[in-house]
Amino acid sequence: ILNRKSGKLYGRVIGEERLVLIDEDSVHATHGDKSIGTFRKLVEEESNENKNKIKRFNKCIFIDLCCNTDGDISCDIINNSEKLECNVVVFEPQQFVDSYFLNWNKLTETKSENIVDTLSRLLSLVDLNEARTVLLQKLQCMVIFLFQIIGYLLDNRVARLGPLKFVASCSSLLDHQISRRQEYLNARGGDHRLSRTQLGLANVCLRQFLDTMLGMTVMYVFFHNNLSDQLAADIITWAYAVADYLYSLVTWLMGAPAGLKLNKQLTEFLGHFFLYHIHLWKGYLVILQPVLSSVLWSASLLGVLGLTSQLCFLRDVLSMMTLHIYCFYVYAARIYQFQVYALSAFWRLFRGKKWNMLRQRLDSVRYNVDQLFLGTLLFTILLFTLPTFALYYVVFTLLRLIVLTAHQAIHTIVQTIDIFPLFSVVMWCLNFRQMTGDVLFTCVTQKSSNLLPVFSLQIIQMPIRKLLSRSENPFRKAQEKKYLWSSLIGDLVWGRLIYPWVEVSHP
Amino acid sequence: MAARREIKWRKILYEHQNVPDNYVDESFLEEMKKNLYIRNYEYWSVVKASGEITQQISSMCLFIVSFIYMDDKRLLPDTLVLITIAVSVVGYIVSKLVDKFTTVDSSDDKNQRTVLEDLKTFVMFTGFSYCLSPVLASLTETISTDTIYAMTTVMLLANLAFHNYGVQAALVSEAFSLNAAIFASVCLASRLPTSWHAFATVLFSLQIFGLWPRLRHKIKETFPAVNVALTVVLGSLTLLALFTVSMVPAVVFILGHVFITFICPAWLISLQPLKNNIHGPWDEAVIKND
């Protein structure tokens, strides 16, 4: 505006925000009575026309903007015949338009005093011509188009229903893929004019690209070095080693482990049961041995889908190889849970009390002699066999927890890759104009001292933390279930089964 | 001032009486009553009533003696089982006779258990004990004997402490005392060589801790005079049994008995004059169902 010639300013007033918008100016008074201000180049020009207008439009706001050749700017606002003080802020609108974050809060209703929020709210009222740089615009159109096509091809509405859902929840790979497809589906259906959607799209796109690149690198390494055979042999050796270790562990438990005195018959019985199970497992390994190499080779083809898919497949392989540990854990946990539950019930009977389900409290009750007798007998038996079962339970739970830790480590890596907003961070590092979100006011010195100060508004980069929080993936459902440590310990003590804490919250 | 003093002070607060709120005149503590509900004990009746405790102690000692005999292989489990069953049958007949004696009319026939029900219970007891006795026999193999003995002692003491001696006290819990006794018997049974021993022990303990107190209770209610005779007979039987085991427990038993039977009542009665219970209008209201 500052570079135009002098003329009239036309616009409209938005009452509740106390905002006056100036649409255009023109030298010719084509709009006649609707002008709300004038723009003058020099101080001396002052026409009588203005004074008349002032008298006529008493109820309106009249803006008088004046720019000197020296670069001084002065501005008067007259509201209902009284002059208001105003500060002039100079800015470049293109910066606003380019930034992804400033017109973020289109839909927020909060009236915060934060200058950034106020600005973005004001901007949302303005229909700025979204003239982004041409390159990004084209890129966006292409990406959206690509998504539309792929989305039509890979619609996974089938996988969300019925028996496939159960199968999918068992395997981490399928789960991951389905959530990815879901994400792309959401991306396809989102509102593409929102800058948040656009940013999300850009992040998702870049992430997929990086994923696939890394996956194909791994694939290439696999093929080139013939790693699949070697890896298969290693895995089989490791599996046999684990089976032997378990065998020695169970035989150790059958004796007097760590000096603890276990019930001899019971220990032997349990030990033989688990030993037979290990024997079965070794048979399974024998069957698996020739197949594993080709399975690994075809799995590395998953690199097309990305490194995350390969990691998920690795997780699935780990699950399969430690299936016997999982089985042992489940047996021991179920027995232990039953034992603890029965023991607590019989202890209540021992004291002559009963648990009132309705009132959720302990009541005293008169038992018959036969009930008391039988209850005490069973209580004694359960009490004296508790150390044996508890020891087996503790040992197998520890093994299971180790396996679960490995699971969780891989899952965390996958999750990090999924969530990380790569596009935003890269653009931020390269100081692109799109990643700005904070405002900076600087004072421009005026040549003549009797004028009010003029501020210049510049948009600068936002801090990285805010960037990360703002560029969250809008297409992904937030995983709400938090696993508490206290509930984990409670489950361990009472013998309830622990599931890997990433798969429980599957919708 | 004198005129005001003539007005008698009343125990109210809704009128000004020119005295502080916590003032009471000479009628202070008029309504207090001391030792309203004292029972006056008579020496010999208390002595007779103490037979309850001594009977329970005697039964317990009999049980322990039987275990010691079986451990020493002096007593065969078959003998013990036969004795148990015989005494059970005799006791059952006695209880039925006592029932017939007390209830002249057949108004609460429904509450009486039939012979068939009792037989069913008996079969169930025996069956379960027999089935679980192999498990019981090897239950505590790896636990040291001293631990077992300590646990048994604690459990039997608990049985004595929580037993229902006919007094309404907060400590009484019949279920707990019975359970403690059975727990103790299982602990002891696991020390014995074969499962047949374990079965005999468990059966005997059930009879002596579960059924015998009930019978005693029933007899005491109908024939109070028999109680004393019962105490004496039981005590002497136990004394004889302990004597055959060794001298020390017999002496301790006699001393304990004398203490509980003769000295404790005297002590109780001598402490009665020292009672100082205060009752008054500040007591909690007791709702009477008149």
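The values are calculated or read from the model by the stated rules, or taken from the named source; none is laboratory data. Computed from a prediction, not measured in an experiment: that's the story for all the values here. Using ideal geometry, Cβ is built from the backbone for each residue, glycine included, and neighbour counts are taken over all protein chains shown. Side chains included, ligands, DNA and RNA excluded: accessible areas come from the protein's heavy atoms. Shrake-Rupley method; radii C 1.70, N 1.55, O 1.52, S 1.80 Å.
With a cut-off of 15 Å between beta carbons, the residues surrounding B:SER177 carry a summed charge of +3, where Lys and Arg count +1 and Asp and Glu -1.
Only Cα sites of chain B enter the Debye sum here, all with the same form factor; the resulting log10 I(q)/I(0) across q = 0.11 1/Å is -0.80, listed in q order. In this rough spin-label picture, where each label sits 7 Å from Cα along the Cβ direction, the B:THR222-A:PHE223 distance is 10.0 nm. Pairs from the table (B:LYS96/B:LYS220; A:LYS354/B:LYS288; A:LYS264/B:LYS120; A:LYS353/B:LYS288; B:LYS220/B:LYS288) lying more than 23 angstrom apart at Cα are A:LYS354/B:LYS288; A:LYS264/B:LYS120; A:LYS353/B:LYS288; B:LYS220/B:LYS288.
Report the local net charge at A:LEU372: Lys and Arg +1, Asp and Glu -1, summed over other residues whose C-beta lies under 14 Å from its C-beta.
+4
Note on B:ASN35 and B:ASP78: the extension gain reaches 9.7 nm, defined as 0.36 nm multiplied by sequence separation minus the Cα-Cα distance. List the trypsin sites (Lys or Arg not before Pro) within segment A:357-441 that DSSP assigns to loop and that have no more than 13 neighbouring Cβ atoms inside 10 Å. Qualifying residues, ordered by number: A:ARG359, A:ARG366. Tell me which DSSP H helices of chain B clear both cut-offs, 18 Å or more of axial length from alpha-carbon atoms and a mean Kyte-Doolittle hydropathy of at least 1.6. Long hydrophobic helices here: B:224-245. Subtracting the Cα-Cα distance of A:ARG366 and A:GLU268 from 0.36 nm times their residue separation leaves 31.3 nm of extension gain. Going from the chain on its own to the full set of protein chains, segment A:360-381 has these residues losing 40 Å² or more of accessible surface (heavy atoms, 1.4 Å probe, no ligands, DNA or RNA): A:VAL369, A:ASP370, A:LEU372, A:PHE373, A:LEU374, A:THR376, A:LEU377, A:THR380, A:ILE381. Could you check how much of the accessible area of segment B:128-286 is carbon and sulfur, as a whole percent, using a 1.4 Å probe? Whole-percent figure for carbon plus sulfur exposure: 73. Here each label is just a point 7 Å from Cα along the line to Cβ, and for B:MET247 and A:TRP355 those points are 5.6 nm apart. Once the partner protein chains are put back, segment A:316-358 shows a loss of at least 20 square angstrom of accessible area, versus the chain by itself, at A:PHE350, A:ARG351 (probe 1.4 Å, ligands and nucleic acids excluded). Taking B:ARG10, A:ARG315 and ordering them by how much accessible surface each has at a 1.4 Å probe, largest first, produces B:ARG10, A:ARG315.
With contacts taken as Cα pairs under 8 Å and at least 6 residues apart, chain B reaches a relative contact order of 33 percent. When only alpha carbons are used to place a centre, segment B:114-140 and segment A:355-400 end up 20 Å from one another. Chain A and chain B together bury an accessible surface of about 2400 square angstrom, both sides counted, with a 1.4 Å probe and no ligands or nucleic acids included. Using the Kirkwood formula on the Cα atoms of segment B:96-237, what hydrodynamic radius do you get, in angstrom to one decimal? So the Kirkwood estimate lands at 17.4 Å. Among the residues of segment B:168-182, those with an accessible-area drop of 40 Å² or more from chain alone to full protein complex, heavy atoms and 1.4 Å probe, are B:ALA175, B:PHE176, B:LEU178, B:ASN179, B:ILE182. The string of couplings for segment A:280-292 from the Karplus curve (6.51, -1.76, 1.60, θ = phi - 60°) is 4, 5, 5, x, 4, 5, 4, 5, 6, 3, x, 7, 4 Hz, one whole number per residue in order, with x for Gly and Pro.
Using R0 = 25 Å, the C-beta based FRET efficiency linking A:VAL286 and A:THR416 works out to 0.10.
Calculated FRET efficiency, B:LEU271 to B:THR194, Cβ-Cβ distance, R0 = 45 Å: about 0.30 to the nearest 0.05. Comparing B:SER95, B:SER133, B:LEU211 along the charge dipole axis of chain B, the residue lying farthest to the positive side is B:SER95, per the Cβ-charge model. Near A:ALA299, within a Cβ-to-Cβ distance under 13 Å, what is the net charge of the other residues, with Lys and Arg +1 and Asp and Glu -1? Cβ neighbours under 13 Å give a net charge of 0. Between segment B:173-221 and segment A:219-291, the C-alpha centres lie 48 angstrom from each other.
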